[in-house]
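Here is the structure we will look at.
None of the figures in this text is laboratory data; all of them are computed from the coordinates on show. All figures in this text were calculated on a predicted structure; none of them were measured in a lab. Glycine gets a Cβ as well: all are built from the backbone with ideal geometry, and neighbour counts include every protein chain shown.
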Amino acid sequence: MCEIFGQAACEVRVVPNSLYARLHGRADATTRRNVIYLRGPLQSFLADPELMLHEYFHVLHQWRSGRLTLLRYVLEWLRRGYWNNRFEREARAFTATHLHRMHALLAPRSAPAA
Ligand SMILES: [Zn+2]
């Protein structure tokens, strides 16, 4: 993860098969400061570049900067719901912008010609 997101990503804890995540409705993951809680196994998360970008964005750009707090998220969610709240819109925009790079980074390198 560090290779893709930089050193800061190494410090993010990822918790697979999390009861805490399952308590958050149908979401595949939920984040807090420096933690990503996954509903399912780690392998599924690592196989989903879109979800990884989205969740790491929440942690590295929103939680870590202090812009995202539990109270702010809840207030935003009450005003605009899940899809239209600004934290989710920002994460989706970031993901849409960078997904092609993420795919390129994750693509298996072609074997050198013999
Ligand atoms: Zn999100």
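Observations
- Residue within the stretch 36-58 that is out of contact with any helix residue (DSSP H, G or I) (no Cβ under 7 Å at 6 or more places or on another chain) and among the β-branched types (Val, Ile, Thr) present: no
- Any hit, the stretch 7-28, residues being within 16 Å of the ligand (Cβ to nearest atom), in contact (Cβ under 8 Å) with a residue 12 or more places away in the chain, in contact with a Lys or Arg (Cβ under 9 Å, 6 or more places away or on another chain) and under 20 Å from residue 96 (Cα atoms): yes
- Condition check for residue 92: among the charged types (D, E, K, R) and near the ligand (Cβ under 10 Å from one of its atoms): yes
- Scan of the stretch 78-98 for residues that are in contact (Cβ under 8 Å) with a residue 24 or more places away in the chain and under 17 Å from residue 48 (Cα atoms), ordered by number: 91, 92, 94, 95, 98
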